[in-house]
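Worksheet: one structure, shown below.
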Amino acid sequence: MPSALKGIRVLDLTNVLAGPFCAYQLALLGAEVIKVEVPGLGDLARQLGADADLNARKMGSSFLSQNGGKKSITINLKSKEGREVLLRLVASADVLVENFRPTVMERLGLGYNKLKAVNPRLVYCAISGFGQDGPMQSSPAYDQIIQGLSGVMSITGDARSAPQRVGYPVADTIGGITAAFAIAAALVRQVRSSEGDFIDVSMLDSTIVTMGWVISNFLIAGKEPKPMGNENFTAAPSGTFRTGHGLINIAANKQEQFEALAKIIGREDIISDPRFSERETRKVNRTALTVEIEQALSKKTAVEWEDILSSNNIPAGRVLTVPEALAHPQVGHRHLLAHFDTVPGVDRPIDVVRTGFKMSSGDPDVTIPPPQLGEHCNDILAGIGYSHEEIKHLREVKAI
């Protein structure tokens, strides 16, 4: 069966993370994603990552992680000929994604209305830090700035360490996945009505939306969120606990789970302790409860307790490092990683992640490795009608 987005052409004018992550999700679902990059420089992520040699080759690990399945063309959008190339590409496309600051595309003469006139069916998605309007519309936005402004940092860490940044670019990633979701919805509408759409994705809005219960507890219950470290504010015992060796997360959120936990660890006496007998009293006395539980857990390792608790239907799992998580049998069973033996411009095999879901019609996958800068220029231009001589001229005038 064809992939969900097979036959959809996406123009990816984005850089670094939120936009490229969005377009990568579309590529994994089978869309043809053409990455439009600045000649000679390309996506800044090509120079980012932990391997300096790959960065120098413009194939940095940050780029490799979210640009598999894409084709690369370089276009100078500041030149008249370059803009004409983009307009011809737009005529052939279903989607365009960009994450410039608001007004940049307008100043280039490539705003939504201009592109819509060329292709009325175009789904145009603009990803920015704060959206296309409002007092901060033109402010520069980086993940950490959004984390701070959204309130995420204020509830990350504990009373002593907060505010803390989440350990990966969570706001960028949320912005990207929000954009991919919105594009998928607009494509359904496009099929039904033959009409395009303009999608305005704000990383700040997207991040706040995902805070769910933290927001509703304040808006509806009037309770201001506080940093609670590894504790779950909705229940106790629910958080991270020390064992005889290693840390384990336990989520005994229901009364029956708490009682089963107490029996399994040999502390049935705490079930009737008035400090812990009910859900709300356990939350109030969570620190004392943690002390009692950790004393019992000290008799075995986290590995042993994970097996014991999970086999008794008590949600539990060890705290793993990233390498340990990637090597976990469950992750391997789900085939989360895609492998490429050879990647042009890279001197080693690479693994990249696929999507977090599967489909009965065919699992999302990445079939071609991340592209070198401008690798597909000639093929893409020929595909939209440029002759060999015309392509040669575009190179001579530095339009591509």
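For the condition at pLDDT 95 or above and within 18 Å of Glu304 (Cβ to Cβ), Leu219 does not qualify. A single member of Arg88, Arg83 is modelled with pLDDT of 95 or more, crowded, with 17+ Cβ neighbours inside 10 Å, in a helix (DSSP H, G or I) and in the same structural domain as Ala18 (by TED's automatic domain parsing), and it is Arg83. Against the numbered list (1) surrounded by 13 or more Cβ atoms within 10 Å (Cβ to Cβ); (2) within 22 Å of Glu32 (Cβ to Cβ), Leu326 comes up short only at (2). Of all residues in the stretch 329-361, exactly one satisfies the criterion of being β-branched (Val, Ile, Thr) and either part of a helix (DSSP H, G or I) or exposed (fewer than 10 other Cβ atoms within 10 Å of the Cβ) (or both), namely Val331. The numbered conditions (1) in a helix (DSSP H, G or I); (2) in the same structural domain as Phe63 (by TED's automatic domain parsing); (3) in contact (Cβ under 8 Å) with a residue 12 or more places away in the chain are all true for Pro370 except (1). In the stretch 256-291, of all residues being over 38 Å from the mean Cα position of the chain (by Cα), surrounded by 16 or more Cβ atoms within 10 Å (Cβ to Cβ) and among the charged types (D, E, K, R), the one that is farthest from Gly239 (Cα to Cα) corresponds to Asp273.
Here is a yes/no grid of residues against (1) of a type outside the set (Phe, Trp, Tyr); (2) surrounded by fewer than 19 Cβ atoms within 10 Å (Cβ to Cβ):
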| residue | (1), (2) |
| --- | --- |
| Ala4 | yes, yes |
| Ile8 | yes, no |
| Gln25 | yes, no |
| Val36 | yes, no |
| Leu54 | yes, no |
| Phe63 | no, no |
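The criterion of at least 3 residues that are within 16 Å of Ile155 (Cα to Cα) and out of contact with any Leu (no Cβ under 6 Å at 6 or more places or on another chain) is met by the following helices (runs of 4 or more DSSP H) wholly inside the stretch 193-280: 203-209, 212-219.
Whenever a residue of the stretch 124-142 is more than 14 Å from Asn15 (Cα to Cα), its partners that are basic (Lys, Arg) and in a loop (DSSP other than H, G, I, E, B), lying with C-beta atoms within less than 9 angstrom and at least six residues away or across chains, give the pairs Gln137/Arg101; Ser138/Arg101; Ser139/Arg101. With respect to (1) in contact (Cβ under 8 Å) with a residue 40 or more places away in the chain; (2) surrounded by 13 or more Cβ atoms within 10 Å (Cβ to Cβ), the lone exception for Ser238 is condition (1).
The values are calculated or read from the model by the stated rules, or taken from the named source; none is laboratory data. From a predicted model like this one, the values you see are computed outputs, not experimental measurements. Here Cβ is always computed from backbone atoms with ideal geometry, including for glycine, and neighbour counts include all displayed protein chains.
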